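J.: This is the structure I want to talk about, given as structure tokens.
The values are calculated or read from the model by the stated rules, or taken from the named source; none is laboratory data. These numbers come from a predicted model, not from an experiment. In this analysis, Cβ positions are derived from the backbone assuming ideal geometry, glycine residues included, and neighbour counts consider all displayed protein chains.
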Amino acid sequence: MHYADVYVDVSATRTDQSYQYLIPEELSGMIVPGSRVRVPFGYRSVTGYVIGLSDELQVDPEKLRDIESVENEALGSDGQLLSLAAWMHANYGGTMSQALRCVLPSAKKQPPRLRKIIHLAADRQVLSDELAVLLKRSRHSLGRERLIRELLESPDIPWDEATGRLSVSSAVIRDLEKKGLISIESIRSYRDPLGRMRSSDSNWTIPTLNPAQRAIANDFAGEFDSGIRRTYLIHGVTGSGKTEVYMEMMEHVIRQGRSVIFLIPEIALTYQTVMRLYLRFSDKVSILHSRMSPGERYDQLERARSGDIRIIVGPRSALFTPFSDIGLIIIDEEHESSYKSEAIPRYHARETAIERARLSGASVVLGSATPAVESYYESETGHYKRYDLPERATASSLPDVEIVDLRAELNAGNRSIISRRLAALLEERLDRGEQSMLFLNRRGMAGFVSCRACGEVIKCPHCDVSLSLHGSQRLVCHYCGYTQPMINACPKCGSKYIGTMKLGTEKVESVIRDMFPKARTLRMDADTTKGREGHSKIIETFADHGADILIGTQMIVKGHDFSDVSLMGILTADISLNASDHKSSERTFQLLTQACGRAGRRGQNAVAVIQTYQPEHFAVVSAAGGDYRGFYKREISYRKLLSYPPFGHILFIEITSKNKDQAERMGRYLAEILRSRSENAQISDPADCSIARINDVYRKQIVIRSASYARLVELKDIADRAVRDDTAPRGADIWFDFDQ
């Protein structure tokens with residue numbers, strides 16, 4: 001590699017501008033993506049960061065200039081993040097500027113918040129004399145008198161206290177400053193997103209780890225002290241105390257002078273998670289998430305950059321916190337799909353965290369009761385080190401799980417979304433003053449077609465995924481493009497009860513209120529959590545017994561710990577089985593297991609009810625039995641047979657255009673070029689996306705499958721170059737997604 005693309009002045013707003021420089025012979029081999037270098041820029045020498053290397057000259061040779069020097073110290077936070085952006089650009093597609101905007105959130109500078117302090121600047125006797133002169137006057141400023149008396153008692157007074165509690169005007173303060181009696185100091189005051197928690201009851205003791213938890217923490221600490229950095233997977237059942245183990249690991253890493261990034265899948269989990277961490281680590285911990293104000297966000301990034309905090313907690317984007325000394329990255333509930341970005345670049349936080357850990361010399365800890373199949377496979381093959389916690393940490397046991405066949409309910413004349421068994425259990429809990437949760441599984445609801453009489457789902461004959469309904473007349477497979485007309489009767493039982501399902505949390509809440517008029521209900525979904533503290537208010541209310549029944553979507557089953565919930569009702573267990581993707585069984589098993597685990601966390605006899613049209617499906621049966629190993633063995637054999645991840649990989653190329661014909665032309669053009677280079681890869685014809693048009697933008701996709709992820713990256717690069725060629729059709733853009 002003879003040339004380097006260098007970004008200069010990373011604090012500037014236009015961070016997507018790079019310049020090519022020649023790597024001198026004496027610096028060859030010393031420069032890597034992310035290296036900090038000195039380069040000539042205009043008439044001066046500036047610091048820049050290398051974001052890519054190349055053998056291809058892309059500028060006028062007469063304008064090419066040499067890199068002056070490279071700093072051999074370890075990559076700082078900006079260098080790490082730029083190197084990470086280059087890696088994301090190479091592995092996930094999109095432009096380099098999109099990757100940079102993703103990893104450099106600190107570019108949006110906010111004005112600092114300043115806190116003023118009034119200091120006594122004169123001798124106390126001089127101030128006493130000033131007070132004596134003031135008191136001799138029959139009419140004098142009471143505010144001036146109060147301030148002087150306060151300063152004689154305390155020589156340092158916050159400005160807000162003087163103007164607030166003492167009711168002293170700004171004019172009086174400035175007058176005393178002019179006389180030289182006081183001085184005013186402006187101190188930067190960071191915006192505090194944890195204000196409510198700091199006033200919470202801190203009467204909390206560090207939990208004592210049980211032998212299994214202690215063994216994991218000790219083993220990790222021993223490897224960390226020995227310089228071993230690797231990826232760990234903690235597979236622990238719900239309630240096994242994974243968070244306590246995380247905290248012990250964090251404590252050890254912080255004692256070594258390193259920082260920690262703690263990722264959680266949902267903003268809804270922030271309050272409970274951060275409360276536990278704050279009670280242990282106090283001011284060392286802060287948060288980052290999208291509902292914070294720009295000022296709060298900027299201040300936390302600055303605190304991380306300066307070392308003022310050691311732990312940052314937040315969803316996916318917190319991975320890019322500008323710590324320069326990361327020692328540990330924890331990804332809790334690592335199986336969650338929210339760790340996959342929907343925006344460009346469509347990165348996965350798990351792989352990106354492992355790369356960031358490599359750049360900073362850190363360890364990665366993944367934790368889940370239901371690990372992603374790919375993660376568990378990596379632990380089985382030895383690429384990850386796995387720790388198992390097969391039992392709950394307390395004396396409580398997992399709830400008894402019952403499966404209700406909704407086909408039988410329909411045959412018995414019950415057309416309600418609440419089965420007879422679940423209704424009886426809800427009534428029992430209300431009579432006993434215990435709490436219940438009702439989970440509406442909406443994942444995968446859109447588009448699939450099924451029979452309510454027998455549960456049959458209309459699937460692609462080639463891909464074993466459900467067909468999606470487009471309009472009202474056509475069923476389409478989004479993996480291979482297979483299509484067939486919409487059917488009017490079930491091909492298995494002949495029933496006319498066939499179509500798509502439409503069900504929402506508001507409908508569930510209405511049904512519950514009709515069935516149990518005296519029950520106090522809370523609903524937690526996208527509509528009820530729009531406000532800044534929408535999630536935490538609902539969680540606090542339910543935790544404080546402000547409601548008997550909590551109704552919600554996926555956000556209520558992800559990591560929450562409610563001590564008095566003795567019943568979990570899962571209303572539509574198998575909807576996610578019918579999503580048109582290869583992970584539908586895995587996601588269903590994960591959702592059901594996590595949902596069941598919300599009940600019985602403090603020892604009471606708890607029950608979980610799974611309502612389903614497919615009670616015999618292995619994902620449902622395994623979840624009811626808490627049998628991850630049984631599920632994994634079935635699922636991994638299925639993945640191997642069909643060459644799905646981790647045995648094969650899938651690249652989705654999405655083509656978008658405001659003109660339908662232009663989208664189709666670009667699709668045909670790309671398919672032809674890719675097929676000419678398609679050794680060891682299967683390439684589909686261009687087909688409509690699951691939603692073929694959004695906001696008047698038409699969407700097509702090409703699906704490419706290969707056993708080699710690296711080969712798919714090569715084909716991604718071929719497609720990227722092809723659309724930039726002068727012969728390419730115009731008016732369409734392309735985007736990439738891997739293994740979605």
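J.: Kindly indicate which of 124, 44 is more than 31 Å from the chain's Cα centre (by Cα) and touching a residue at least 12 places away in the same chain (Cβ under 8 Å). Break it down into steps so the answer makes sense when it comes.
T.: Values: 44 fails: touching a residue at least 12 places away in the same chain (Cβ under 8 Å).
Result: 124 is the single residue among 124, 44 that is more than 31 Å from the chain's Cα centre (by Cα) and touching a residue at least 12 places away in the same chain (Cβ under 8 Å).
J.: Right, another one. All but one of (1) farther than 18 Å from residue 103 by Cα; (2) touching a residue at least 40 places away in the same chain (Cβ under 8 Å); (3) not acidic (Asp, Glu) hold for residue 414, so report the exception by its number.
T.: Status for residue 414: all satisfied but (2).
J.: Among the helices (runs of 4 or more DSSP H) confined wholly to the range 317-430, which include 1 or more residues that are at pLDDT below 90? Let's see the steps before the verdict.
T.: Numbers: elements: 349-360, 373-380, 406-411.
By residue number, 406-411.
J.: Next up: Among the candidates 663, 692, which residue alone is in a helix (DSSP H, G or I), of a type in the set (Gly, Ala, Ser) and more than 30 Å from residue 615 (Cα to Cα)?
T.: Just one listed residue meets the conditions, 663.
J.: Would you point out the residue of the range 144-180, among those that are of a type in the set (Val, Ile, Thr) and touching a Leu at 6+ places or on another chain (Cβ under 8 Å), that is surrounded by the most Cβ atoms within 10 Å (Cβ to Cβ)?
T.: So the residue we want is 168.
J.: Can you give me the ranges of the helices (runs of 4 or more DSSP H) entirely in the range 104-178 with at least 1 residues that are in contact with a Gly (Cβ under 6 Å, 6 or more places away or on another chain)?
T.: Once the helices (runs of 4 or more DSSP H) in the range 104-178 are filtered for at least 1 residues that are in contact with a Gly (Cβ under 6 Å, 6 or more places away or on another chain), what remains is 170-178.
J.: Quick check on the range 325-358: of everything there that is over 23 Å from residue 650 (Cβ atoms) and surrounded by fewer than 20 Cβ atoms within 10 Å (Cβ to Cβ), which residue is nearest to the chain's Cα centre (by Cα)?
T.: Out of the qualifying residues, it is 358.
J.: Continuing with this model, one more query. Cβ-Cβ under 9 Å, sequence separation 6+ or interchain: first residue in the range 419-432 and closer than 16 Å to residue 520 by Cβ, partner exposed (fewer than 14 other Cβ atoms within 10 Å of the Cβ) and not basic (Lys, Arg). Which pairs?
T.: Partner pairs satisfying both residue conditions: 426/515; 427/515.
J.: Give the number of residues within the range 88-97 that are surrounded by fewer than 18 Cβ atoms within 10 Å (Cβ to Cβ) and not small (Gly, Ala, Ser).
T.: Qualifying residue count, the range 88-97: 1.
J.: Just checking, how many residues over the range 533-571 are within 13 Å of residue 439 (Cα to Cα), at pLDDT below 85 and touching a strand residue (DSSP E or B) at 6+ places or on another chain (Cβ under 7 Å)?
T.: Result for the range 533-571: 3.
J.: Can you list residue pairs whose Cβ atoms sit under 6 Å apart, with the first residue in the range 719-740 being within 17 Å of residue 702 (Cα to Cα) and the second being polar (S, T, N, Q)? Count only pairs 6 or more apart in sequence or on different chains.
T.: Between residues of the range 719-740 that are within 17 Å of residue 702 (Cα to Cα) and residues that are polar (S, T, N, Q), the close pairs are 732/657; 732/662; 733/656.
J.: Among the numbered criteria (1) under 18 Å from residue 100 (Cα atoms); (2) of a type in the set (Lys, Arg); (3) free of Cβ contacts under 8 Å to residues at least 60 places away in the same chain, which one does residue 356 miss?
T.: Status for residue 356: all satisfied but (3).
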